[in-house]
Amino acid sequence: DNLDFIKEECTYGLSNSGDTPPPPPASDLVINEFVVDPEQDWDGSGTTNQGSDEWFELFNKGSTIIDLTNWNLFLIDTTPETEPLSGIINPGEYLVILNPAGTQNIDGRIELIDNQGNIIDAVSYGNFDDGNIDDNAPSGSAQGIENECLSRIPNGQDTDQDNLDFIKTACTYSTINS
């Protein structure tokens with residue numbers, strides 16, 4: 001037998017073609033908590049502002065590192081925006097996106113899109129019509145710091161029914177929701 005081999009760089013964890021790694025299981029990375037009607041000065045500017053004090057928190061509830069290169073958050077409301085993501089999230093850690101693109105409405109939808117274009121997680125809130133308003137999370141409208149956030153309770157839970165997964169509560173910014 002005359003076998004030909006080509007010496008190439010090691011592609012540990014990747015296919016031999018060098019393609020980007022597949023995304024983690026959909027259940028590992030979730031949109032965990034967010035603010036669209038801020039009541040606090042989250043960016044430290046000295047004022048509370050709807051644009052600069054909004055934020056979204058992602059949580060890696062899995063056991064592997066997740067590389068967010070070429071991932072996006074689609075922020076869908078009357079003025080849709082795309083927030084490009086980058087960096088990594090270690091298992092059990094959070095990533096907060098402070099002052100995302102645009103200004104979000106109190107009724108909308110957030111989609112987490114992986115580097116292959118797949119929806120990894122999504123949440124519809126308030127009266128946003130995603131085809132089934134009955135299972136939406138509550139409105140993002142806040143009356144004070146005690147109900148400023150829409151948070152997954154228990155932390156990281158994802159039943160694919162936003163009305164069961166999210167409640168209005170005080171924010172836990174980059175820590176466990178409780």
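The values are calculated or read from the model by the stated rules, or taken from the named source; none is laboratory data. None of the values given here were measured: they were computed from a predicted structure. All Cβ positions, glycine included, derive from the backbone under ideal geometry; neighbour counts span all protein chains shown. Accessible surface is based on the protein model in full, side chains and every heavy atom, while ligands, DNA and RNA are left aside. Shrake-Rupley method; radii C 1.70, N 1.55, O 1.52, S 1.80 Å.
Things to note:
- Selection from the stretch 56-70 of residues that are surrounded by fewer than 22 Cβ atoms within 10 Å (Cβ to Cβ) and not β-branched (Val, Ile, Thr): Lys61, Gly62, Ser63, Asp67, Leu68, Asn70
- Every residue from the stretch 148-167 that is over 14 Å from Phe56 (Cα atoms) and part of a strand (DSSP E or B): Ile167
- Residues satisfying the stated conditions in the stretch 44-62, i.e. in contact (Cβ under 8 Å) with a residue 24 or more places away in the chain and in a loop (DSSP other than H, G, I, E, B): Gln50, Gly51, Ser52, Asp53, Glu54, Lys61, Gly62
- Qualifying residue in the stretch 115-128 (condition: open to solvent by 60 Å² or more (accessible area, probe 1.4 Å), assigned to a loop (DSSP other than H, G, I, E, B) and small (Gly, Ala, Ser)): no
- Within the stretch 51-75, being within 23 Å of Thr169 (Cα to Cα) and either charged (D, E, K, R) or touching an Asp or Glu at 6+ places or on another chain (Cβ under 7 Å) (or both) holds for Ser52, Asp53, Glu54, Glu57, Asn60, Lys61, Leu73, Leu75.
- Filtered by the rule that a residue be in contact (Cβ under 8 Å) with a residue 60 or more places away in the chain, under 16 Å from Lys168 (Cα atoms) and either open to solvent by less than 50 Å² (accessible area, probe 1.4 Å) or not β-branched (Val, Ile, Thr) (or both), the stretch 92-109 gives Asn105, Gly108.
- Once the stretch 134-147 is narrowed to residues that are in a helix (DSSP H, G or I) and either touching a residue at least 60 places away in the same chain (Cβ under 8 Å) or not acidic (Asp, Glu) (or both), the residue that is surrounded by the most Cβ atoms within 10 Å (Cβ to Cβ) is Asn147.
- Qualifying residue in the stretch 96-104 (condition: of a type outside the set (Val, Ile, Thr), under 14 Å from the mean Cα position of the chain (by Cα) and under 21 Å from Asn155 (Cα atoms)): yes
- Residues considered: Gly87, Gly131. Of these, the only one that is farther than 19 Å from Asp165 by Cβ, of a type outside the set (Asp, Glu) and exposed (fewer than 13 other Cβ atoms within 10 Å of the Cβ) is Gly87.
- In the stretch 148-172, the qualifying residues are those that are of a type in the set (D, E, K, R) and open to solvent by 30 Å² or more (accessible area, probe 1.4 Å), and the one that is farthest from the chain's Cα centre (by Cα) is Lys168.
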